[in-house]
Amino acid sequence: MKNLSVVTLALLLALVGSVSAQTKVAFVNSATILRELPEAQQAQKDLEEQVKVWQDELEKMGKQLQDDLEDYQKKQALLDPATKSAREKALQDLQQRAREFQFQKFDTREGEAVKLREKKLQPIQEKVLKAIETVAREESCAFVLDKVSEATIVLYADVKYDLTYKVIDRLKRGSTGAKSKN
């Protein structure tokens, strides 16, 4: 879920104030919703398990590099130039493979961990957004803001407008379809 910037929030609140004094604004805490949702918990667990496998592999590569380097340093003085050169090349290759593996798995923009996270959480986030929309319509809200604990974008929020647990309830009951109040 995308956070609103402070400027965007200020503009939104100014717009709400100018549209009507009757406009209802509510908020949710998306982090709490995801923490409480069993399928999000499972997705997070699956993601952590896969990342652990990759981290273990990276640590194994690092340990092998360290061991090979120590062995090389012990024997370096006794090696002929050709063998010495070959061992140095092997160490450099191993170090390069470890760097490439780390980049491939953990790059913050293109790494497999980021892609896997997006793949696992995208359907859940869409479901959460539909539930937020449904609850917001039922509560006659014109706007719903996200008050996440890590980066609060709401400076003040009366708890009576907190839809977080209504959204969690809606998700756990399994219904995200909009219901008309008419």
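Quick notes
- Spread of Cα-to-Cα distances over 5 Å intervals beginning at zero, given as percent, for segment 15-95: 3, 11, 11, 10, 7, 7, 7, 7, 7, 6, 6, 5, 4, 3, 3, 2, 1, 0
- Whole-Hz ³J(HN,Hα) from phi, Karplus 6.51 cos²θ - 1.76 cosθ + 1.60, for segment 71-81, glycine and proline x: 4, 4, 5, 5, 9, 3, 5, 8, 7, 6, x
- Spin-label pair K119/Q66, simplified geometry with 7 Å Cα→Cβ offset, distance in nm: 3.1 nm
- Separation of alpha-carbon centers, segment 52-76 and segment 80-126, rounded to whole Å: 15 Å
- FRET efficiency, D169 to V51 (Cβ-Cβ, R0 30 Å, nearest 0.05): 0.45
- Amide H within-cut-off set for V144, under 5 Å, with H built and near neighbours excluded: A26
- Gain on full stretching of the segment that runs from S140 to E39 - 0.36 nm per residue minus C-alpha separation: 33.6 nm
- Prolate/oblate/rounded call for segment 49-136, Cα gyration tensor, a/c under 1.5 rounded: prolate
- The H on the amide N of G111, modeled in the peptide plane, is under 5 Å from the matching H of no residue at least 5 residues off or on a different chain.
Read-outs: derived from the displayed coordinates by stated rules, not from any lab. Remember, it's a predicted structure, so these values are computed and weren't measured experimentally. Neighbour counts are summed over all protein chains in view; Cβ atoms, including those assigned to glycine, are modelled from backbone coordinates with ideal geometry.
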